[in-house]
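The values are calculated or read from the model by the stated rules, or taken from the named source; none is laboratory data. Every value quoted in this text rests on a predicted model; they were computed, and no experiment measured them. Virtual Cβ from ideal backbone geometry, glycine too; neighbours counted across all protein chains shown. With ligands, DNA and RNA removed, areas are computed over all heavy atoms of the protein, side chains included. Shrake-Rupley method; radii C 1.70, N 1.55, O 1.52, S 1.80 Å.
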Amino acid sequence: MDKDEFAAAVKAGEPLIEQSMEALKRYWEARDHGAPPEEVERLRLHSEALAQAVSDYQLRTVSKLMGNKLPPTH
């Protein structure tokens, strides 16, 4: 794994990480400010889905950079 390849992959994932952090912030704000339970739950699920997407992206990126062949995503 080349250092430049790794840096480029990290940079490419930054927008997704930012989206995930913003979703988490919106969830915390809704929870802390007494938003309706349905809204809090919707925001929690959205935040968790984005966090999982970040994790999946990072795992796939590192695996590819290490030369592993991965199945296509859907």
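Mean sequence separation of contacting Cα pairs (under 8 Å, at least six apart), scaled by the length of the chain, corresponds to a relative contact order of 41 percent. Looking at the square roots a ≥ b ≥ c of the eigenvalues of the Cα gyration tensor of the chain, which shape do they give, rounded for a/c under 1.5, prolate if a/b is larger than b/c, or oblate? The shape class here is prolate.
Here the chain is assigned +1 on the Cβ of each Lys and Arg and -1 on the Cβ of each Asp and Glu. Its dipole about the Cα centre then comes out at about 260 debye. Solvent-accessible area per residue in the chain equals 78 Å², computed with a 1.4 angstrom probe and all protein chains kept. Heavy-atom accessible area for residue 70, with the other protein chains in place and a 1.4 Å probe, reaches approximately 60 Å².
Here the chain has 59 percent of its accessible surface on carbon and sulfur atoms, given a 1.4 Å probe and all protein chains in place. Listed by chain and number, the aspartates and glutamates whose C-alpha is less than 18 Å from the C-alpha of residue 3, apart from same-chain residues fewer than 8 away, are 14. Look at the dipole of the chain built from charges on Cβ: of 70, 46, 6, the Cα furthest out on the positive end belongs to 70.
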